[in-house]
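Q: The structure that follows is given in the form of structure tokens.
Laboratory data are not the source of any read-out in this text; all were calculated from the coordinates shown. Treat the numbers as computed from the prediction; the structure is a model and nothing was measured. Positions of Cβ are generated from backbone atoms using ideal geometry, with glycine treated the same way; all protein chains shown enter the neighbour counts.
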Amino acid sequence: MKVRLKKRKQSKKGKISLYLEIYKGSYVNSEGKRIFDRNYEYLNLYLIDKPKTNVDKDSNKEVEKLANGIRAKRELEIHNSIYDFSNTNKLNANFIEFVYGLLESKKSSKGNYGSWDSTLKHLKVYAGDFIAFKNIDLKFCEGFKYYLVNKAKKSSGELLSSATTSSYFSKFRAAINRAVKEKIISYNPASDVKTPRIIDKPKVYLTIDEVKKIYLADCKYKNLKNAFIFCCYTGLRWSDVQKLKWNNINKSSEGNFTMSFNQKKTKKLHFIPQGILLVSFN
């Protein structure tokens, strides 16, 4: 079984289309005629017909290099019995639609849904509304990482934080992993790309005097201010405070009070001793 890189001239557009011819052998049919069994995979890669400038010539070299890389990959997949000829339609399917389907499955988790939704939005900015699975290669993954780190912006116009770029790229990699699991593609090229590094920034803390000023300040929403003060003294996240109930407070046989609950983010059991509770409620 052989894989050949073939060219087809497109006279109207002045380009040459590159595609793979996968030769599976031949057989003689019932009429005694030899039939050659071939499959074709169009790469959506094009050469400039009759290049005149050095730029055009260099561009053609890069495109041919990429196409030969795909040809070598297909040969390896066939050798390892990974490539599935019946999978051609899946390879031509839209990766953007696939990610949208994953997004819909995350609706039950608000925080996770928001992160996936933002990842999809940035993916569409980078790649448009359509990118075929077969075109998700190492170059595409590296390009998306570069976009997230150097070009993607918040609604305020600022670049994304390092933690955000790391999260979005991880979601992108997870989507490709899911495609591998569903046997749409054979491997995840994003596995060869390092996740953007998170740059730790110095944390800023409120002083006791600042907390006292907040306590004394007027606030239209008293419960919201009290919840914030409670967070300051206990170190709890707002998401954990929101879901607290009276049954989270426990009384020991000695008459001491503690608070216990499962953190929303880590799912771990968390305890708050009586001393902190008394300060918080007072």
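Q: Looking at the square roots a ≥ b ≥ c of the eigenvalues of the Cα gyration tensor of region 91-192, which shape do they give, rounded for a/c under 1.5, prolate if a/b is larger than b/c, or oblate? If you can, show how the numbers build up before the last one.
A: Values: a/c = 1.76, a/b = 1.28, b/c = 1.37.
Note, shape of region 91-192 comes out oblate.
Q: Nearest 10 degrees, 0 to 90: what angle lies between the long axis of helix 95-104 and the longest principal axis of the chain (Cα atoms)?
A: Helix 95-104 sits roughly 30 degrees off the main axis of the chain.
Q: What's the exposure ranking of His270, His122, going from fewest to most Cβ atoms within 10 Å?
A: Numbers: His270 15, His122 22.
By the 10 Å Cβ count, ascending, the order reads His270, His122.
Q: Using only Cα atoms, tell me the angle between helix 222-234 and the longest principal axis of the chain; keep it within 0 to 90° and round to the nearest 10.
A: That helix lies at roughly 80 degrees to the long axis.
Q: Which label belongs to the value computed from this structure, given these candidates for Rg and Dmax of the Cα atoms in Å: [x] 18.6, 58; [y] 22.7, 69; [z] 28.7, 97?
A: Answer by label: [z].
Q: A further question follows. What does the helix-only formula give at 222 nm for the chain: each DSSP H stretch with n ≥ 4 adding -39500 (n - 2.57), the total divided by the residues, and the result rounded to the nearest 500 deg cm²/dmol? Walk me through the numbers before you get to the answer.
A: Details: 10 runs with 126 residues, N = 282.
Estimated from H runs of four or more residues: -14000 deg cm²/dmol.
Q: Any idea which of Ala72, Thr207, Ile16 is furthest toward the positive side of the dipole for the chain, if Lys and Arg beta-carbons carry +1 and Asp and Glu beta-carbons -1?
A: Ile16
Q: What net charge do the residues around Asn226 carry, taking every other residue with its C-beta under 14 Å from that of Asn226, with Lys and Arg at +1 and Asp and Glu at -1?
A: Overall, the nearby charge balance is +2.
Q: In debye, nearest 20, what is the charge dipole magnitude of the chain about its Cα centre with +1 on Lys and Arg Cβ and -1 on Asp and Glu Cβ, if you could check? It would help to have the intermediate numbers written out before the result.
A: Working: 55 positive and 27 negative charges, 103 e Å.
For the chain, the charge dipole is close to 500 debye.
Q: Please determine, in degrees from 0 to 90 and to the nearest 10, the orientation of helix 54-79 with respect to the longest principal axis defined by the Cα atoms of the chain, where the helix direction is its Cα long axis.
A: Between the helix axis and the principal axis of the chain, the angle is about 90 degrees.
Q: Let me ask something else about it. Under 12 Å from the Cβ of Phe144, count the other residues' Cβ atoms, weight Lys and Arg +1, Asp and Glu -1, and hand me the total.
A: Numbers: positive: Lys124, Lys139, Lys145, Lys151, Lys171, Arg173; negative: Asp137, Glu142.
Taking every other residue near Phe144 into account, the sum is +4.
Q: Let me ask something else. Per q in 0.13, 0.27, 0.29 Å⁻¹, report the Debye log10 I(q)/I(0) for region 125-183, using one uniform scatterer on each alpha carbon and no solvent.
A: Values, matching the q order: -0.37, -1.24, -1.32.
Q: Across the chain, where is the longest run that never hits chymotrypsin sites (Phe, Trp or Tyr not before Pro) in a DSSP loop with at most 15 other C-beta atoms within 10 Å? Spell out each step's value before the answer.
A: Working: sites that count: Phe130, Tyr187, Tyr205, Tyr221.
Counting at most 15 other Cβ atoms within 10 Å as exposed, the longest clean stretch of the chain is 1-129.
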